[in-house]
Amino acid sequence: MPVVELDLNRIQRLVGKKSNRKKILDVLPFLGLDIESQEGDSVRVEFSPNRPDYSTDFGIALGLQGLLGIKTGILKTNVKKKGNYQIKVDPSTSKIRPFVTGVIAKNGSIDDDSIKQLMNMQEDLHFGIGRKRKKSSIGLHDLDKISFPLKYTTIDREHKFTPLNSDTESTISEILQNTDVGQNYGDILGQSSKIPIILDTDGNTISFPPIINSALTTVTSETKNILVEVTGIDKQSAEDMLAVVTAVLENAGFEIYQLKISGSKNSTPTLASRSITIDSDLTNRILGLNLSPSSIILCLKKCRLDAKLKNKRIECSIPRYRFDIFGPMDLVEEVALGYGIDNLDPTLPVSQNIGSKHSITEKLDNSSMVMVGLGFIEALNSSLTSKQILYEMTNKNSSDIISVTGSKSQDHTILRDSIIPGLLENLSSNVHETYPQKLFESGIVFSRDSPIKESINLSCVNASKNANFSDMKAVLQSFLRTSFNLQCETKTTSDNTLFTSGRVANIVINNQNFGQIGEIDSSILENFRIRTNVTAFEITLSGLIFD
Amino acid sequence: MSQVLHDIEKKIIEVLKSKPNQTTEQLSEITELSIDQIRRGIEWLRLKDLAEVSESTKKSVSLGKNGLEAFRNGLPERKLINLVHDSPKNFDEIRSNLSGLGFNAAIANARKNGWVKIEKTESGQIISKKEEAVETPEEKLLSFIGEKNVSDEEIENKMALKFLMNRPDFIIEHEETTKSILLSNKGKEIDFEKADSGAIDVEANVPSIHPARIHPLKDVINEIRETFVNLGFTEIFGDLSQPSFWNFDALFTPQDHPAREMQDTFYLENLNAEKFASPTQIKNVSSSHKNGWRYLWNIQEAKKMVLRTHTTCVTIKHLAENKPDDARIFSLGRVFRNEKVSYKHLVEFNQVEGIVIGKNATLRDLMGIQKEFYRKIGLTKVKFWPTFFPYTEPSLQTMVYNEKLGKWVELFGMGIFRPEVTKPLGITKPVLAWGGGIERIAMLKYGVDDVREFYNNNLDWLRNASKCQ
């Protein structure tokens, strides 16, 4: 989960005079913001990726005002239509990054802390709804460095400009090769010879989306007027992003002006609120409450939404930046938040249901108790294991291996097809403990089928000076008889790599093969650095006990 | 303190109680046990701090060749005085009667004792009696020693002994080291009556043995399973490997969602599911994605096999297939996340998830069932915070107060399945769902602060972790 760092003094100032710190800290979790740590005035909180508006203190202050009852209702985005700010879209962008949108934010001021937060918010937006800038990406620019109208078009890779945080010109190709952002996001543009670009009327490069802005329009604490531009491959996602930034800038004291957009399926964003209607009944039924429509409306307003009663239903108006709200059920949650989760009294419903374990669990539990009775300690190993343990150390052919892609851990790359190797590994790491060591494990093993088959196996190992085939066979027979009232035979076999030849047998029940039993071969014991005798068996219970 | 004593030990103690300081030989003689048995018994008693062995050196003397001669026939000076008793004699007469070295010694000692005087005459030197010769201390000592071996301590006149020792071959010195055994203070307190009553040493140390047992983590898993069953939940079971469809798509997770990327989820290399859902299910889920997330849903993505990232895939599939109107169901098992293994993260761990479906199921019910669940596993301080999960709305998380850590810790998440999840699969009643990792609870229970501990299978820990925590 993303994290934002808050300064309590700032938050208190933003929330309003009537707030106090203790209340703010108490209420934060009930906005869905987990306090990760607190040091003096600085608080780190985790926010959910579906609420990018909480990535700045402006957004969080808005939420706090609502729950604390200081200010409620919607923050209406008032888009002024004065001025002649315009972006014209060239059709050539349609094949590579077809959409652009944006607004103008004027007459505000931002300090260095706010700039830092805005930058972090951009990164969160890029990662989340922007899908790592692929779907949409955002740029903030110093408006006063720009001459309108702007042009969103495409250009050759030889095009030159001075990118952000640089003082020399580079070509597009150089930027893609030599900068971190170029290397990380260059793939989004594919191999196309032309790339998207925003140019101003003087021919200055404003932005090279989705990679980097130009140095010319860098936003600093001196900046009073801002251009926000968002480009992307999905128009709605681009406008979602724009709405979040607009709401935050507006809350930071900026006036919002329209940026006209035209050409090639593009249009000027309205940033208008939507309305969704909910029933009091549905709300009360889901929450288990009996709230009047007016109480429900109050709750919604506390969540910075607007609502009114219309034909016995509640019509709720949702600001553009709350695109996490899909339908009525999301509003039910808003009512719950506005009501206060800590005000919801848990109720224990009466149930006619009689519970039961699954028959597989039941049988596995019982047979595990039999193994314990026979003196074996239960071990637990990962079913996602390493090729080294499963194949190399047991001298096994690995052609049927089932692997996962891109594992971050060397020890967890393939699915086990047998339990014994894991148990041998356990013996290997316990050589300093007293003997005899008797372990068993039951669990799922995997084999190729269409596409994959999962079976439940049970294995045990006995490591001790006197471990021998007959004693292990006695354990096997006792296990099968006591657990399942089954008789087994042990039939000689040469098909194995794990056991000493001549001291290994197939476990045969009703003329069918269900596993192997034997003395582990000395070369394998050597691989695992085990210096005593080990006997083992592994039996497949699926097909024998379970369906 | 009661002692378990061997018969040998008992016999030795019995003797030493009345006669302390006995040698091995003496003990052997009195107890009629062999020297070997006595030696063993003494060793046992010493280890038990019941007896002590003291070592002493004993010096003694006996008469040598000349000493014995003097004892039998008198010292040379006595022989001399006897010769001159009646009349003085000259040197030659005396020398013929006293042979060898005895002559010089006899003259010297007799003069020293003041028994004789020597005069020079024309016919040579003449020895005559001067005084009556009384018995000397040396003579007394000779008779005392006689033919015996006499210990140093018995000889009172050390001066006389010294004189005799100066004479050649008169005295032989002997030195003998002896071990004598005596009871320690603890040994003296031994109560035979008690020791003979058949009592044993109930306080002595014994070797440790270990029971075979179920894995401690499995104990917690079983406890949680029992708790679900007690609350009226029926267990369902499903595969660890799942088509992306059931793990993600059916749960309204868009195909370009970060959680679906390889760096969070384990995809099985080149494995795709063939038949995984009905055509209607696929069609409805596909359009739910198109309407909700506005993108072109791709069936190829849905076919990709993954290791399940939660047990919810088992639950949703069960609901889609059975469409119950009123049920309590839970599923428990391993889930997988492509994470770097650390003290708090495993790639494979256990998760439990319960759902309640019913036409009157409410969020408050969900909270109430949670509270009851926690109460049953011994967690009583519980509160709820809002949170976000992609497939539930409303969503909450449980915070549980941990006394050991002195703080609130996050446990299970919960919520009501979104209509975007239930509707396409034909589920019409509200579904309350909650779940979370079991290792977290086990860590709190066993005070384990490294989650890897549960899968190390360290025998020392497995053999000694308490069963009832």
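None of the figures in this text is laboratory data; all of them are computed from the coordinates on show. Quick caveat: nothing in here was measured; it's all calculated off a predicted structure. Neighbour counts run over all protein chains shown; Cβ positions are idealised from the backbone, glycine included.
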Cut-off under 5 Å, modelled amide H: who pairs with A:Gly355 long-range: B:Gly232, B:Phe233
Trypsin sites (Lys or Arg not before Pro) lying in DSSP loop within the range A:285-317, provided at most 10 other Cβ fall within 10 Å: A:Lys312
Helix-only mean residue ellipticity at 222 nm, the protein assembly as shown, DSSP H runs n ≥ 4 weighted -39,500 (n - 2.57), per residue, nearest 500. What is it? -9500 deg cm²/dmol
Just the number, please: Stokes-Einstein D of the range B:156-196 in µm²/s, Kirkwood Rh from C-alpha pairs, 37 °C, 0.692 mPa s. 221 µm²/s
Running Debye on chain A with equal point scatterers at the Cα sites and no solvent, what base-10 log of I(q)/I(0) appears at q = 0.08, 0.09, 0.11 Å⁻¹? -0.78, -0.85, -0.94
Give the Rg (one decimal place) followed by the Dmax (whole number) of the range B:216-464, computed from C-alpha coordinates and expressed in Å. 18.2, 56
Loop GluC sites (Glu not before Pro), the range A:193-278 (other Cβ atoms within 10 Å of the site Cβ: 12 or fewer; DSSP): A:Glu222
Under DSSP loop assignment and at most 12 Cβ neighbours within 10 Å, longest GluC sites (Glu not before Pro)-free interval of chain B: B:275-402
Rg followed by Dmax, in Å, when the range B:63-170 is reduced to its Cα trace: 14.8, 52
Just the Kirkwood number for chain B, please: inverse of mean 1/r across all distinct Cα pairs, in Å, one decimal. 32.6 Å
If you project the alpha carbons of the range B:261-389 onto the principal axes, what extent comes out on each, in Å, largest first? 46, 42, 26
Just in the range B:367-469: which trypsin sites (Lys or Arg not before Pro) are loop by DSSP and have at most 12 other Cβ atoms within 10 Å? B:Lys381, B:Lys404, B:Lys467
Quick check: the distance between the Cα centres of the range A:304-348 and the range A:213-243, to the nearest angstrom? 31 Å
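For the range B:1-87, what is the Kirkwood hydrodynamic radius in Å, using each pair of distinct C-alpha atoms? Numbers along the way, then the final one.
On the way: mean 1/r = 0.0591 Å⁻¹.
16.9 Å is the Kirkwood radius here.
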Extent of the range A:274-343 along each principal axis, from alpha carbon coordinates, in Å, largest to smallest? 29, 29, 17
Take the Cα pairs of the range A:359-540, get the Kirkwood Rh, then feed it into Stokes-Einstein at 10 °C and 1.306 mPa s and tell me D in µm²/s. 95 µm²/s
Out of A:Ser237, B:Thr387, A:Leu423 - ranked by how far each Cα lies towards the positive end of the dipole of the protein assembly as shown, with unit charges on the beta-carbon of charged residues - the top one is A:Ser237
Quick calc, the protein assembly as shown, dipole around Cα centre from Cβ unit charges on Lys, Arg (+) and Asp, Glu (-), nearest 20 debye, gives 3880 debye
Rotationally averaged projected area of the protein assembly as shown (alpha carbon convex hull; nm²): 74.5 nm²
Rg over Rh of the range A:25-66, using C-alpha atoms and the Kirkwood radius, what does it come to? 0.93
With unit charges on the beta carbon (Lys/Arg positive, Asp/Glu negative), name the residue among A:Ala105, B:Val285, B:Cys468 whose Cα is farthest towards the positive pole of the charge dipole of the protein assembly as shown. A:Ala105
Could you bin all the Cα-Cα distances of the range B:50-123 into 10 Å bins starting at 0 and give me the percent of pairs in each, rounded to whole numbers? 16, 40, 18, 9, 7, 6, 3, 1, 0
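Relative contact order of the range B:63-170: what whole-number percent is it, with Cα pairs under 8 angstrom and at least 6 residues apart? Intermediate results must be reported in sequence, preceding the final value.
Numbers: 117 pairs, mean separation 38.7, N = 108.
After rounding, I find 36 percent.
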